[in-house]
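A.B. asks: Input: one structure, supplied below.
The values are calculated or read from the model by the stated rules, or taken from the named source; none is laboratory data. As the structure is a computational prediction, the values presented were derived from the model and not from experiment. All Cβ positions, even for glycine, are placed from backbone atoms using ideal geometry, and neighbour counts span all protein chains on display.
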Amino acid sequence: MGFLLLALAGGSFVASGAAGAFSGKVPAVVVVRVGILAEIVGIAWAGFIIGPDAAWGWLIPALAVYGFGVGLATAQLTGVILQDVPVEKSGQGSGMQSTARQVGSALGVAILGTVLFTTTGGVLAASLDDAGVPAAQADTVVSAVVDSAGAAIAGFEADPAQAQIADAARTAFSDGTRASALTAAGFLVIGLGATFALGSGRRREESQEPRPAERVQGS
């Protein structure tokens, strides 16, 4: 698990240097779009390779790409948003941006957690029913796996008599994780589309302002 988090942090570290190199050469909004695109690729990649028997090493490059995208997008996003806000209202704009980020983070955790545990519970319940496990026992297993966020699976694996249940639980939790990852990728696609509305307000206002020569003629 530590290596996975290191890959994520390493990607963000590389992105910070790349963002600095592109500063002033590439529009900040373009950097944000590239970052979100990298996030989509990384999280979708992770979602497709997740499986009950998948080696964790395959997640390292996927999370590195995702971390790279997070680093690019996060470093530039505040500046891109505030460039459309008048200077005298920049404090309000910054506060709104920070609030929106925190609310979005909380909602994201809630939605993705719901997808994870709902999918895991549904798949596991169906698998146990197909295996002929009594309904009362199946409910106990599903509750244990969902309530422990998958930690209970290790207990089932330790008991040879419950090997079938352990296999079903691993598969169900993998399916839930995949569904959660792909849902996150879907939200990122929406976010990428929303970036095409960024960075336009200030330019639009400037384009509507009269040029110096026009001001002189008008006066």
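A.B. asks: Filter segment 114-130 down to residues that are under 15 Å from the mean Cα position of the chain (by Cα) and touching a residue at least 60 places away in the same chain (Cβ under 8 Å), then give me how many there are. Walk me through it before giving the result.
C.D. replies: Taking segment 114-130 as the starting set, the residues that turn out to be under 15 Å from the mean Cα position of the chain (by Cα) are 114-116.
Still in the list and also touching a residue at least 60 places away in the same chain (Cβ under 8 Å): 115-116.
Adding up the residues that qualify gives 2.
A.B. asks: In this structure, does Ser105 turn out to be closer than 30 Å to Asp175 by Cβ and surrounded by fewer than 17 Cβ atoms within 10 Å (Cβ to Cβ)? Walk me through it before giving the result.
C.D. replies: Values: closer than 30 Å to Asp175 by Cβ: yes; surrounded by fewer than 17 Cβ atoms within 10 Å (Cβ to Cβ): yes.
Against the criterion (closer than 30 Å to Asp175 by Cβ and surrounded by fewer than 17 Cβ atoms within 10 Å (Cβ to Cβ)), Ser105 qualifies.
A.B. asks: Is it the case that Leu77 is part of a helix (DSSP H, G or I) and surrounded by 17 or more Cβ atoms within 10 Å (Cβ to Cβ)? If you could, list the steps in order and put the result at the bottom.
C.D. replies: Details: part of a helix (DSSP H, G or I): yes; surrounded by 17 or more Cβ atoms within 10 Å (Cβ to Cβ): yes.
Against the criterion (part of a helix (DSSP H, G or I) and surrounded by 17 or more Cβ atoms within 10 Å (Cβ to Cβ)), Leu77 qualifies.
A.B. asks: Can you say whether Asp130 is farther than 23 Å from Leu182 by Cβ and surrounded by 13 or more Cβ atoms within 10 Å (Cβ to Cβ), as far as the supplied structure shows? Working first, answer last.
C.D. replies: On the way: farther than 23 Å from Leu182 by Cβ: yes; surrounded by 13 or more Cβ atoms within 10 Å (Cβ to Cβ): no.
Criteria not met by Asp130.
A.B. asks: If you don't mind, another one. Can you name the number of the only condition in (1) in contact with a Phe, Trp or Tyr (Cβ under 9 Å, 6 or more places away or on another chain); (2) within 30 Å of Thr171 (Cβ to Cβ) that Val31 fails?
C.D. replies: Just one mismatch for Val31, condition (2).
A.B. asks: Let me ask something additional. Within segment 1-58, how many residues are of a type in the set (Phe, Trp, Tyr), in contact (Cβ under 8 Å) with a residue 12 or more places away in the chain and surrounded by fewer than 19 Cβ atoms within 10 Å (Cβ to Cβ)? Steps first, please.
C.D. replies: Let us first name the residues in segment 1-58 that are of a type in the set (Phe, Trp, Tyr), namely 3, 13, 22, 45, 48, 56, 58.
Now restrict to residues that are in contact (Cβ under 8 Å) with a residue 12 or more places away in the chain: 3, 13, 45, 48, 56.
From what's left, surrounded by fewer than 19 Cβ atoms within 10 Å (Cβ to Cβ): 3, 13, 48, 56.
So the count comes out to 4.
A.B. asks: Tell me yes or no: at least one residue of segment 173-180 is modelled with pLDDT of 90 or more, within 34 Å of the chain's Cα centre (by Cα) and more than 25 Å from Leu59 (Cα to Cα). Explain how you work it out, then say what you get.
C.D. replies: Going residue by residue through segment 173-180, those that are modelled with pLDDT of 90 or more are 173-180.
Then drop every residue that is not within 34 Å of the chain's Cα centre (by Cα), which leaves 173-180.
Next cut, more than 25 Å from Leu59 (Cα to Cα) only: none.
Looking through segment 173-180, none of the residues is modelled with pLDDT of 90 or more, within 34 Å of the chain's Cα centre (by Cα) and more than 25 Å from Leu59 (Cα to Cα).
A.B. asks: Same structure again: Pick out the one residue from Gly95, Gly69 that is modelled with pLDDT under 90 and either in a helix (DSSP H, G or I) or out of contact with any helix residue (DSSP H, G or I) (no Cβ under 6 Å at 6 or more places or on another chain) (or both). Explain how you work it out, then say what you get.
C.D. replies: On the way: Gly69 fails: modelled with pLDDT under 90.
After ruling out the rest, the residue left standing is Gly95.
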